[in-house]
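The values are calculated or read from the model by the stated rules, or taken from the named source; none is laboratory data. What you are looking at is a predicted structure, and each value in this text was computed from that prediction instead of being measured. Glycine also receives a Cβ, built like all others from the backbone with ideal geometry; neighbour counts cover every protein chain displayed. What goes into the accessible areas is simple: the full protein's heavy atoms, side chains included, and nothing from ligands, DNA or RNA. Shrake-Rupley method; radii C 1.70, N 1.55, O 1.52, S 1.80 Å.
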Amino acid sequence: MNMKTLLYSALFIIIKSATGQKSPNAPLDCPSLEKGDIYTQSEFLSRLANECRYDRLLLPTYKTGEVVYVHASAYVYFIQPAEAHDLNFKLHFLLQLRWTDARLAYSLYSPERQKIIGESDLRQRIWVPHLYMSNEQSSSLMGTDSKDVLISIAPDGEVLFSRRMQAVLYCWMNLQKFPFDDQRCSMNLESWKYNASILRLMWEKDNPVRLSSELHLTEYSLLDYWTNESVVRGDIVNMRQGGAGNYSALKFTFKLGREVGYYLMDYFIPSMMIVAMSWVTFWLQADASAPRITLGTSTMLSFITLASSQAKTLPKVSYIKASEIWFLGCIGFIFSALVEFAFVNTIWRRKKVVSLKKVNSKYILKSTLTPRLARKELQKEMQSSPQLSKSRSCSSLQQDASSDPNGPGYNNYLTVHSFPSALNLPTITTQSYDDLSGRGRPGSEGSDEPKHTWTQMTPQEIATWIDKRSRVLFPLLFILFNIIYWTFVYCL
């Protein structure tokens, strides 16, 4: 080899060294790991994770083809359930992932080094699994100047990756028993890049999820929580490696029970009081239209305003909720009180006296609802029973006696009976002189068929009679409604 060839070879080596080109035997040019204890952590890490011996884009087991197992755990220190109409909740937690990367084992090269600890700069140098939350609405890493990410590498190559996160996650609530409902919300973690045949997610065996001792909830109480592992079907083609396939997933679920104290004090007890206020109309006279209408409409509007303030916090769902059943029941009682007033006020303004066979609900309601039909039946019974004796009210009987004090063929005899109704109105019957002597009475010799007595009530008496019974009937029905409702929400 002549001098000219040697000069060209030396010049080529100098130029190659100056431009940074590596020879085909690149591994021979990698920085040595021997006597690693003499280097600082940054210097040793730069040698350990140098591109010549470590590719962060490849799995830790790319040479053997084995499955990479990633173990996860979470530390939850804040849960904020949002309003029901948002169907989400906010979660602050510390997520830890643990796996083994044999390429980062350094116990033979630096035996005295305990751990390699770094933050975001270390995360950019090594392989880290890509996980995402499938029910995520929004999320971010927490931190002030730098994001709260911490990575530690053990001498045997075990990597522990920790990051502090806040996330707003969807929670599909079932509000059929609102506000007496229990909700199950979850955080779903899935592998994004690698399917289940390459990467498997697993919860830590001991305490996979821990809760902060200072964790407090306002509207809810934490009843229970649990974890589970699963494999989900990924049908997004060309979005993940390999297209559709099965992907490993983790789920952390917690059960929340809604606190009903707020709703009892701000909704249920005030609505009970409003319904009870609507019953005050039963103690007012039936012709007192102005106060009874004012009281009925004001209670109706007050309750609708109260109910609408609660409905604004709920989503527009197609099924009926327990709060809506309560709303319909209370509205029904308030509306029935208004209808009752209209009914008795109409009866009060009638002019004709009503004849009743008996003073009970059946005949009073029948005569008030169908007054013409009742009069026709009365006329038919009087025609079919010629010996029927009639009973009248005290005022009508006095008018007849004053007009004809000595009617022909009769000697009037007054007998006062106790009225069978709660009003204790006197019933005055007119009997013939022959009846007084004993003839014609049932059980006596030559007696006829038993005689029927008829009672007359004025429209004002009937209206008062209906009001008095409404004072008892409405509270009893409302108590029955409460028994059925509270049994349903707590026992079913």
**Request:** Go through the stretch 33-53 and count every residue that is not in a loop (DSSP other than H, G, I, E, B) and not hydrophobic (A, V, I, L, M, F, W, C).
**Result:** 7
**Request:** Could you give me the residue pairs with C-beta distances under 9 Å whose first residue belongs to the stretch 307-329 and is farther than 17 Å from ARG258 by Cβ and free of Cβ contacts under 8 Å to residues at least 60 places away in the same chain, whose second residue is open to solvent by 20 Å² or more (accessible area, probe 1.4 Å) and not in a helix (DSSP H, G or I) wherever it lies, and which are 6+ apart or on separate chains?
**Result:** LEU328/ILE320
**Asked** Just checking, which of PHE327, PHE335 is of a type in the set (Phe, Trp, Tyr) and open to solvent by 70 Å² or more (accessible area, probe 1.4 Å)?
**Response** PHE335
**Complete:** Note on the stretch 204-214: residues surrounded by 13 or more Cβ atoms within 10 Å (Cβ to Cβ) and either in a loop (DSSP other than H, G, I, E, B) or of a type in the set (Gly, Ala, Ser) (or both) are GLU204, PRO208, SER212
**Request:** For ARG123, indicate whether it is in contact (Cβ under 8 Å) with a residue 60 or more places away in the chain and either surrounded by fewer than 16 Cβ atoms within 10 Å (Cβ to Cβ) or among the basic types (Lys, Arg) (or both).
**Result:** no
**Message:** Tell me yes or no: at least one residue of the stretch 149-165 is in contact (Cβ under 8 Å) with a residue 40 or more places away in the chain, within 30 Å of GLY261 (Cα to Cα) and surrounded by 17 or more Cβ atoms within 10 Å (Cβ to Cβ).
**Reply:** no
**Asked** Taking strands (runs of 3 or more DSSP E) that fall entirely within the stretch 54-144, which contain at least 3 residues that are basic (Lys, Arg)?
**Response** none
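Could you go through the stretch 28-37 and let me know if any residue there is among the aliphatic types (A, V, I, L, M) and either in contact (Cβ under 8 Å) with a residue 40 or more places away in the chain or touching a His at 6+ places or on another chain (Cβ under 7 Å) (or both).
Yes, some residue in the stretch 28-37 is among the aliphatic types (A, V, I, L, M) and either in contact (Cβ under 8 Å) with a residue 40 or more places away in the chain or touching a His at 6+ places or on another chain (Cβ under 7 Å) (or both).
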**Complete:** Scanning the stretch 56-77 residue by residue, those of a type outside the set (Ser, Thr, Tyr), open to solvent by less than 70 Å² (accessible area, probe 1.4 Å) and in contact (Cβ under 8 Å) with a residue 40 or more places away in the chain turn out to be LEU58, LEU59, PRO60, VAL67, VAL68, VAL70, HIS71, ALA72, ALA74, VAL76
